[in-house]
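Q: First, the structure itself, so that you have it in front of you.
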Amino acid sequence: MSILDPKQDKDQSDIPSLDRLLRQPGLQQLLARTGRQLVLDEARAELGQLRQHIRQGKSADTGINGLASRIEARVGAALQMSLQPVFNLTGTILHTNLGRAPLAEEAITAMAAVARGATNLEFDLGRGRRGDRDDHVEDWLCRLTGAEAATVVNNNAAAVLLMLNTLANRREVPVSRGELIEIGGAFRIPEIMRRAGCRLVEVGTTNRTHLKDFTGAMSPRTAALMKVHTSNYVVQGFTAEVADTDLATLAHQHGLPYIVDLGSGSLIDMAALGLPHETTVRETLAQGADLVSFSGDKLLGGPQAGLIAGRADLISKLKSNPMKRALRVDKVTMAALAATLRLYAQPETLQAKLPTLRLLTRPVDEIRAMAERLGPALQNALGDQAQVGIQPCSGQIGSGSLPVESLDSVALAITPNTGRRGTGGALKRLATAFRALPIPVLGRIGGDALHFDLRCLEDEAAWLGQLPELRVK
Ligand SMILES: *Cc1c(COP(=O)(O)O)cnc(C)c1O
């Protein structure tokens, strides 16, 4: 203390002691509500910050009431859930950053049912002995894909890793140069192959790969042939790729498996719902694939998971790889997946019950009618700060599914009345205000407007109900 100058020394001594602070009535109530440790931690942090400000000669409020309310705010912020529901009005239905597929009610109920207590996750109730957690979904995956067997891991990236590590560790896998994709995040096929312990043999060129390229790449070290669905881009123009049946035949002639990373991997014919055709898992297996991997939370509409369907002997090898233990899913995911797959049993009700399909096939007229209902209320909430218009727009499926296909939709387009302030800044302030709502609203800025694509808005009342809290700064 002696090295502090007299003025600062005096300021430090103005700070109330921790004991005195904790006797303050507001903090006494907080202590009773949230327990001692959290309040103590936040009080110490606040006092520490105050001392630092004083040492640095910054302005500092040492009043006990101000301090108490800042500590209350800290405790509130620490207890606030950071993971929370949002309105996805970005126009991308399966948005990876926004958690991809919204789950069906049946899946949510199933998750809640197993979350609370013990379950028969790995217990065979019939025989009264240890079971396999995959048993809860394997039969249904087989029914829906025509596969002999199936297994489940944490996500499709894990599925690809497990397939490659099990079948091709220390050996070679030829892959077309047109399929050496990056999915986003850090999923790059060459990187995953290296991590799986196998050597990538690049064949063909970016735009054209022929069967003879694969034939020429076969060696005694080849372990499998692999095809990767180029999910998030398309190669157009002078292109050629080798058909699944040809790759399967070549692999089988050498006694090797042919594996396919299908990415989105639909279980049903999307074209029958008026959507662009996406190769189904069943079709890929029928064309000769020995293993097909796909995501649980893309077009399938379930929880995050990686599903692998195919030949029983290969699935059994995957299951006995110790890596499977490290990549397995928990009981909550398993319950959601099991309930989601069962919805596919009834094609007549699937579209209504599975939110992903319901949203993807939502009629534009219905979306426009909603825009017309919501537009005036939004205009009212914004007053003279912005103009609300109703505009046709185009959204996308997202998560690399059918990347070049767009989905016609309708958006509320908000154009700030900027006056002398620039549009860019005004748009950012608008977007920030919508993100600060109790259920944050996420849209897309395009041109001079903030667009809310309404395709994914189902709870109109909740959306409208929070508009009075909108504060544009
Ligand atoms: C999305 C995708 C992956 C990664 O799947 P996750 O479930 O996100 O791990 C891998 N391969 C392809 C072709 C994909 O489209």
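Q: Can you tell me how many residues within the range 266-298 are modelled with pLDDT of 95 or more and either part of a helix (DSSP H, G or I) or among the hydrophobic types (A, V, I, L, M, F, W, C) (or both)?
A: Within the range 266-298, residues that are modelled with pLDDT of 95 or more and either part of a helix (DSSP H, G or I) or among the hydrophobic types (A, V, I, L, M, F, W, C) (or both) number 12.
Q: A follow-up question, please. Given the condition in the same structural domain as Ala224 (by TED's automatic domain parsing), open to solvent by 30 Å² or more (accessible area, probe 1.4 Å) and more than 16 Å from the ligand (Cβ to nearest atom), answer yes or no: does some residue in the range 295-312 qualify?
A: Taking the range 295-312 as the starting set, the residues that turn out to be in the same structural domain as Ala224 (by TED's automatic domain parsing) are 295-312.
Those left that are additionally open to solvent by 30 Å² or more (accessible area, probe 1.4 Å): 304, 311-312.
With the extra rule that they be more than 16 Å from the ligand (Cβ to nearest atom), the set shrinks to 311-312.
Checked against the condition, which is being in the same structural domain as Ala224 (by TED's automatic domain parsing), open to solvent by 30 Å² or more (accessible area, probe 1.4 Å) and more than 16 Å from the ligand (Cβ to nearest atom), the range 295-312 yields at least one hit.
Q: Right, something else. Could we say that Asn165 is touching a residue at least 40 places away in the same chain (Cβ under 8 Å) and under 24 Å from the mean Cα position of the chain (by Cα) here? Explain how you work it out, then say what you get.
A: Details: touching a residue at least 40 places away in the same chain (Cβ under 8 Å): yes; under 24 Å from the mean Cα position of the chain (by Cα): no.
Taking the combined requirement at face value, the residue does not satisfy it.
Q: In addition: When you check Arg170 against the structure, is it under 29 Å from Arg221 (Cβ atoms) and away from the ligand (no atom under 16 Å from the Cβ), yes or no?
A: Working: under 29 Å from Arg221 (Cβ atoms): yes; away from the ligand (no atom under 16 Å from the Cβ): yes.
The answer is yes for Arg170.
Q: Now a separate question. So, Val173, is that one open to solvent by less than 20 Å² (accessible area, probe 1.4 Å), touching a helix residue (DSSP H, G or I) at 6+ places or on another chain (Cβ under 8 Å) and over 21 Å from Asn155 (Cα atoms) or not? Step through it out loud before you land on a result.
A: Working: open to solvent by less than 20 Å² (accessible area, probe 1.4 Å): yes; touching a helix residue (DSSP H, G or I) at 6+ places or on another chain (Cβ under 8 Å): yes; over 21 Å from Asn155 (Cα atoms): yes.
For Val173, the condition - open to solvent by less than 20 Å² (accessible area, probe 1.4 Å), touching a helix residue (DSSP H, G or I) at 6+ places or on another chain (Cβ under 8 Å) and over 21 Å from Asn155 (Cα atoms) - is met.
Q: For the range 259-278, which residues satisfy the criterion of being surrounded by 19 or more Cβ atoms within 10 Å (Cβ to Cβ) and within 16 Å of the ligand (Cβ to nearest atom)? It would help to see each step written out before you state the result.
A: Step one: of the range 259-278, the residues surrounded by 19 or more Cβ atoms within 10 Å (Cβ to Cβ) are 259-268, 270, 275, 278.
Listed by number, the residues that qualify are Ile259, Val260, Asp261, Leu262, Gly263, Ser264, Gly265, Ser266, Leu267, Met270, Glu278.
Q: Next question. Out of the residues in the range 33-68 that are among the hydrophobic types (A, V, I, L, M, F, W, C) and under 38 Å from the mean Cα position of the chain (by Cα), which is nearest to Ala78 (Cα to Cα)? Lay out the reasoning, then the answer.
A: Step one: of the range 33-68, the residues among the hydrophobic types (A, V, I, L, M, F, W, C) are 38-40, 43, 45, 47, 50, 54, 60, 64, 67-68.
Restricting the remaining residues to those that are under 38 Å from the mean Cα position of the chain (by Cα) gives 38-40, 43, 45.
On the way: Leu38: 9, Val39: 10, Leu40: 13, Ala43: 12, Ala45: 12 Å.
Ranking the candidates gives Leu38 first.
Q: For the condition within 16 Å of the ligand (Cβ to nearest atom), in the same structural domain as Leu144 (by TED's automatic domain parsing) and open to solvent by 10 Å² or more (accessible area, probe 1.4 Å), what is the one hit in His210, His254, His229? Quick ask: steps written out before the conclusion?
A: Values: His210 fails: within 16 Å of the ligand (Cβ to nearest atom); His254 fails: within 16 Å of the ligand (Cβ to nearest atom).
Being within 16 Å of the ligand (Cβ to nearest atom), in the same structural domain as Leu144 (by TED's automatic domain parsing) and open to solvent by 10 Å² or more (accessible area, probe 1.4 Å) holds for just one of His210, His254, His229, which is His229.
Q: What number of residues within the range 187-197 are touching a residue at least 24 places away in the same chain (Cβ under 8 Å) and within 16 Å of the ligand (Cβ to nearest atom)?
A: Adding up the residues that qualify gives 6.
Q: I need a count of the residues in the range 339-357 that are part of a helix (DSSP H, G or I) and without any contact (Cβ under 8 Å) to a residue 60 or more places away in the chain.
A: Step one: filter the range 339-357 for residues part of a helix (DSSP H, G or I), giving 339-343, 347-353, 355-357.
Add one more test, that the residue is without any contact (Cβ under 8 Å) to a residue 60 or more places away in the chain, and what stays is 348-349, 352.
Number satisfying all stated conditions: 3.
Q: Hey, Gly288 hits all of (1) within 15 Å of the ligand (Cβ to nearest atom); (2) at positive phi but one; which does it fall short on?
A: All conditions pass for Gly288, except number (1).
Q: With the condition kept exactly as written, say whether any residue in the range 137-152 is within 13 Å of the ligand (Cβ to nearest atom) and either in contact with a helix residue (DSSP H, G or I) (Cβ under 6 Å, 6 or more places away or on another chain) or at pLDDT 95 or above (or both).
A: Here is the first cut: in the range 137-152, the ones within 13 Å of the ligand (Cβ to nearest atom) are 152.
Then drop every residue that is not either in contact with a helix residue (DSSP H, G or I) (Cβ under 6 Å, 6 or more places away or on another chain) or at pLDDT 95 or above (or both), which leaves 152.
The answer is yes, given that some residue of the range 137-152 is within 13 Å of the ligand (Cβ to nearest atom) and either in contact with a helix residue (DSSP H, G or I) (Cβ under 6 Å, 6 or more places away or on another chain) or at pLDDT 95 or above (or both).
Q: Within the group Arg358, Arg455, which residue is within 21 Å of the chain's Cα centre (by Cα), modelled with pLDDT of 95 or more and open to solvent by 50 Å² or more (accessible area, probe 1.4 Å)? Spell out how you get there, then give the answer.
A: Details: Arg455 fails: open to solvent by 50 Å² or more (accessible area, probe 1.4 Å).
Matching residue, one of Arg358, Arg455: Arg358.
Q: Which condition breaks for Ala336 when tested against (1) closer than 26 Å to Lys298 by Cβ; (2) part of a strand (DSSP E or B); (3) in contact with a Gly (Cβ under 9 Å, 6 or more places away or on another chain); (4) of a type in the set (A, V, I, L, M)?
A: Here Ala336 clears every test but (2).
The values are calculated or read from the model by the stated rules, or taken from the named source; none is laboratory data. Nothing here was measured: the structure is a model prediction, and the numbers come from that model. Quick reminder, even Gly has a Cβ in these numbers, built from the backbone with ideal geometry, and neighbours come from all protein chains shown. Side chains included, ligands, DNA and RNA excluded: accessible areas come from the protein's heavy atoms. Shrake-Rupley method; radii C 1.70, N 1.55, O 1.52, S 1.80 Å.
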